[in-house]
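Remarks on the structure that follows.
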Amino acid sequence: SNNLGQVRNCGPTDDPLIAANFGSFITVGDYNVPVTDLNNQDERLVVSKEDGLYLGDAAGIFSNVLPFVGQWRDKDNGRGTLVVGEDIFYPFLGGLLHYHAGMPPQYIGIEEMYDYGAFSGTLSLPATQVGALAVHGDTIWLVTQASVTPRYPADCKKTTDNGASYTTYTTQVGDND
(Lines give C-alpha, C1' and ligand atoms only; values in the text may rest on other atoms or scores of the structure.)
Protein backbone atom coordinates (compact mmCIF):
# COMPACT_ATOMS: atom_id res chain seq x y z
CA SER A 1 0.00 0.00 0.00
CA ASN A 2 1.12 3.59 -0.54
CA ASN A 3 0.10 6.65 1.45
CA LEU A 4 -3.11 7.05 -0.51
CA GLY A 5 -5.87 4.71 -1.60
CA GLN A 6 -3.81 2.25 -3.62
CA VAL A 7 -2.27 -1.21 -3.27
CA ARG A 8 0.05 -3.36 -5.39
CA ASN A 9 1.33 -6.90 -5.18
CA CYS A 10 4.53 -8.89 -5.40
CA GLY A 11 4.78 -12.39 -6.88
CA PRO A 12 4.98 -15.32 -4.44
CA THR A 13 8.57 -16.18 -5.39
CA ASP A 14 9.77 -12.58 -5.85
CA ASP A 15 11.84 -10.78 -3.23
CA PRO A 16 9.53 -8.20 -1.57
CA LEU A 17 12.54 -6.09 -0.59
CA ILE A 18 13.08 -5.13 -4.24
CA ALA A 19 10.67 -2.41 -5.37
CA ALA A 20 10.85 -3.47 -9.03
CA ASN A 21 9.23 -6.82 -8.12
CA PHE A 22 5.92 -5.11 -7.37
CA GLY A 23 3.19 -4.68 -9.99
CA SER A 24 1.30 -1.53 -10.91
CA PHE A 25 -0.73 0.33 -8.32
CA ILE A 26 -4.40 -0.60 -8.07
CA THR A 27 -6.69 2.15 -6.82
CA VAL A 28 -9.05 1.00 -4.07
CA GLY A 29 -12.13 3.21 -3.79
CA ASP A 30 -11.36 6.94 -3.72
CA TYR A 31 -7.67 7.55 -4.46
CA ASN A 32 -7.59 10.41 -1.93
CA VAL A 33 -8.78 8.26 1.00
CA PRO A 34 -5.79 6.58 2.70
CA VAL A 35 -5.48 2.88 3.39
CA THR A 36 -5.37 2.22 7.15
CA ASP A 37 -4.82 -1.57 7.27
CA LEU A 38 -4.28 -4.64 5.07
CA ASN A 39 -5.38 -8.21 5.81
CA ASN A 40 -6.13 -11.35 3.88
CA GLN A 41 -9.10 -13.68 3.92
CA ASP A 42 -8.27 -16.92 2.12
CA GLU A 43 -7.15 -15.74 -1.34
CA ARG A 44 -8.76 -12.31 -0.99
CA LEU A 45 -7.09 -9.02 -0.02
CA VAL A 46 -9.00 -7.07 2.65
CA VAL A 47 -8.27 -3.34 2.53
CA SER A 48 -9.37 -1.10 5.39
CA LYS A 49 -9.69 2.58 4.66
CA GLU A 50 -10.95 5.67 6.46
CA ASP A 51 -14.26 5.33 4.59
CA GLY A 52 -14.96 1.60 4.70
CA LEU A 53 -13.87 -1.99 4.19
CA TYR A 54 -12.92 -3.11 0.68
CA LEU A 55 -12.78 -6.75 -0.38
CA GLY A 56 -10.73 -7.55 -3.48
CA ASP A 57 -11.50 -10.22 -6.04
CA ALA A 58 -9.29 -12.17 -8.47
CA ALA A 59 -9.67 -9.41 -11.08
CA GLY A 60 -8.33 -6.74 -8.70
CA ILE A 61 -11.74 -5.11 -8.20
CA PHE A 62 -12.41 -3.89 -4.66
CA SER A 63 -15.96 -3.47 -3.36
CA ASN A 64 -16.73 -1.41 -0.26
CA VAL A 65 -18.86 -3.68 1.94
CA LEU A 66 -19.27 -0.98 4.63
CA PRO A 67 -19.92 2.16 2.54
CA PHE A 68 -21.96 3.88 5.28
CA VAL A 69 -18.75 4.21 7.37
CA GLY A 70 -17.82 7.10 5.05
CA GLN A 71 -20.23 9.36 6.94
CA TRP A 72 -17.95 8.89 9.98
CA ARG A 73 -14.69 9.15 8.06
CA ASP A 74 -11.76 9.29 10.47
CA LYS A 75 -7.99 8.73 10.18
CA ASP A 76 -8.22 5.77 12.61
CA ASN A 77 -11.12 3.95 10.94
CA GLY A 78 -10.03 0.43 10.03
CA ARG A 79 -6.74 0.51 11.97
CA GLY A 80 -6.28 -2.86 13.63
CA THR A 81 -8.89 -4.66 11.51
CA LEU A 82 -9.02 -8.32 12.54
CA VAL A 83 -9.86 -11.19 10.18
CA VAL A 84 -10.82 -14.47 11.84
CA GLY A 85 -11.85 -17.08 9.28
CA GLU A 86 -14.94 -15.72 7.51
CA ASP A 87 -15.46 -12.94 10.05
CA ILE A 88 -13.99 -9.44 9.79
CA PHE A 89 -13.94 -7.01 12.73
CA TYR A 90 -13.54 -3.39 11.58
CA PRO A 91 -12.83 -0.70 14.23
CA PHE A 92 -14.25 2.73 13.41
CA LEU A 93 -14.95 6.04 15.10
CA GLY A 94 -18.24 4.75 16.54
CA GLY A 95 -16.97 1.41 17.89
CA LEU A 96 -16.63 -1.96 16.18
CA LEU A 97 -18.38 -3.55 13.20
CA HIS A 98 -18.61 -7.28 12.52
CA TYR A 99 -18.82 -8.24 8.83
CA HIS A 100 -19.63 -11.73 7.59
CA ALA A 101 -20.30 -12.30 3.87
CA GLY A 102 -23.99 -12.65 3.04
CA MET A 103 -25.14 -11.05 6.29
CA PRO A 104 -25.76 -7.42 7.19
CA PRO A 105 -22.93 -5.81 9.19
CA GLN A 106 -23.47 -5.98 12.93
CA TYR A 107 -22.52 -3.20 15.33
CA ILE A 108 -20.83 -4.56 18.42
CA GLY A 109 -21.65 -2.25 21.31
CA ILE A 110 -18.61 -1.49 23.42
CA GLU A 111 -19.88 1.63 25.12
CA GLU A 112 -20.18 1.78 28.86
CA MET A 113 -21.87 4.07 31.35
CA TYR A 114 -19.51 6.46 33.15
CA ASP A 115 -20.43 8.43 36.26
CA TYR A 116 -19.19 11.98 35.90
CA GLY A 117 -20.60 13.16 39.21
CA ALA A 118 -23.37 15.53 40.19
CA PHE A 119 -22.45 18.18 37.60
CA SER A 120 -23.07 16.13 34.47
CA GLY A 121 -24.57 12.88 35.81
CA THR A 122 -24.16 9.49 34.19
CA LEU A 123 -23.73 9.27 30.45
CA SER A 124 -22.95 6.64 27.86
CA LEU A 125 -19.98 6.95 25.53
CA PRO A 126 -21.04 5.26 22.29
CA ALA A 127 -18.03 6.67 20.44
CA THR A 128 -15.57 4.44 22.28
CA GLN A 129 -12.60 3.88 19.98
CA VAL A 130 -10.92 0.53 19.47
CA GLY A 131 -7.17 0.71 20.04
CA ALA A 132 -6.24 -2.90 19.29
CA LEU A 133 -7.82 -6.29 18.57
CA ALA A 134 -6.54 -9.83 19.09
CA VAL A 135 -8.03 -13.32 18.99
CA HIS A 136 -7.29 -16.29 21.23
CA GLY A 137 -9.41 -19.39 20.63
CA ASP A 138 -13.07 -18.31 20.75
CA THR A 139 -12.32 -15.03 22.55
CA ILE A 140 -11.72 -11.69 20.86
CA TRP A 141 -9.86 -9.20 23.02
CA LEU A 142 -9.98 -5.49 22.39
CA VAL A 143 -8.45 -2.42 23.94
CA THR A 144 -10.69 0.62 23.95
CA GLN A 145 -10.23 4.29 24.55
CA ALA A 146 -13.17 6.55 25.34
CA SER A 147 -13.60 9.63 23.19
CA VAL A 148 -13.50 11.69 26.41
CA THR A 149 -11.39 11.00 29.48
CA PRO A 150 -13.25 9.64 32.51
CA ARG A 151 -12.29 11.05 35.90
CA TYR A 152 -11.55 7.57 37.25
CA PRO A 153 -8.39 5.53 36.56
CA ALA A 154 -8.43 3.08 33.66
CA ASP A 155 -9.86 -0.38 34.22
CA CYS A 156 -9.50 -3.69 32.43
CA LYS A 157 -12.99 -5.10 31.98
CA LYS A 158 -14.52 -8.11 30.23
CA THR A 159 -18.02 -8.54 28.83
CA THR A 160 -19.51 -11.73 27.43
CA ASP A 161 -23.02 -10.38 26.89
CA ASN A 162 -22.47 -7.44 24.51
CA GLY A 163 -22.07 -4.89 27.28
CA ALA A 164 -25.01 -5.84 29.53
CA SER A 165 -22.53 -6.55 32.34
CA TYR A 166 -18.78 -6.29 32.93
CA THR A 167 -16.26 -8.14 35.09
CA THR A 168 -13.31 -6.03 36.24
CA TYR A 169 -9.82 -7.55 35.87
CA THR A 170 -7.78 -4.41 36.65
CA THR A 171 -5.92 -6.01 39.58
CA GLN A 172 -5.12 -9.19 37.65
CA VAL A 173 -3.58 -7.38 34.67
CA GLY A 174 -1.51 -5.13 36.92
CA ASP A 175 0.02 -7.70 39.27
CA ASN A 176 2.82 -8.92 36.95
CA ASP A 177 1.57 -12.56 36.91
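The values are calculated or read from the model by the stated rules, or taken from the named source; none is laboratory data. Just so we're clear, the structure is a prediction, and the values are computed from it rather than from any experiment. Note: ideal-geometry Cβ built from the backbone for every residue, glycine included; neighbour counts use all protein chains shown. Calculation scope for accessible area: heavy atoms of the full protein, side chains included, ligands and nucleic acids excluded. Shrake-Rupley method; radii C 1.70, N 1.55, O 1.52, S 1.80 Å.
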(message) Any residue in the range 71-89 that is touching a residue at least 12 places away in the same chain (Cβ under 8 Å) sitting within a Cβ distance under 6 Å of a residue that is open to solvent by 30 Å² or more (accessible area, probe 1.4 Å) and charged (D, E, K, R)? List the pairs, counting only those 6 or more apart or interchain.
(response) Gly78/Asp37; Arg79/Asp37; Thr81/Asp37
(request) Among the numbered conditions (1) in contact (Cβ under 8 Å) with a residue 24 or more places away in the chain; (2) exposed (fewer than 12 other Cβ atoms within 10 Å of the Cβ), tell me where Ser24 comes up short. (result) (1)
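Any residue in the range 28-49 that is exposed (fewer than 13 other Cβ atoms within 10 Å of the Cβ) and of a type in the set (A, V, I, L, M, F, W, C)? Can you show your working first?
Taking the range 28-49 first, the residues exposed (fewer than 13 other Cβ atoms within 10 Å of the Cβ) are 31-32, 40, 42-43.
Checking the rest, the ones that are also of a type in the set (A, V, I, L, M, F, W, C) come to none.
Within the range 28-49, none of the residues are exposed (fewer than 13 other Cβ atoms within 10 Å of the Cβ) and of a type in the set (A, V, I, L, M, F, W, C).
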(request) Name the one entry in Gly70, Gly117, Gly131 that is open to solvent by less than 70 Å² (accessible area, probe 1.4 Å) and either in contact with a helix residue (DSSP H, G or I) (Cβ under 8 Å, 6 or more places away or on another chain) or at pLDDT 85 or above (or both). (result) Gly70
(request) Could you tell me whether Gly52 is touching a Pro at 6+ places or on another chain (Cβ under 6 Å) and more than 17 Å from Ala132 (Cβ to Cβ)? (result) yes
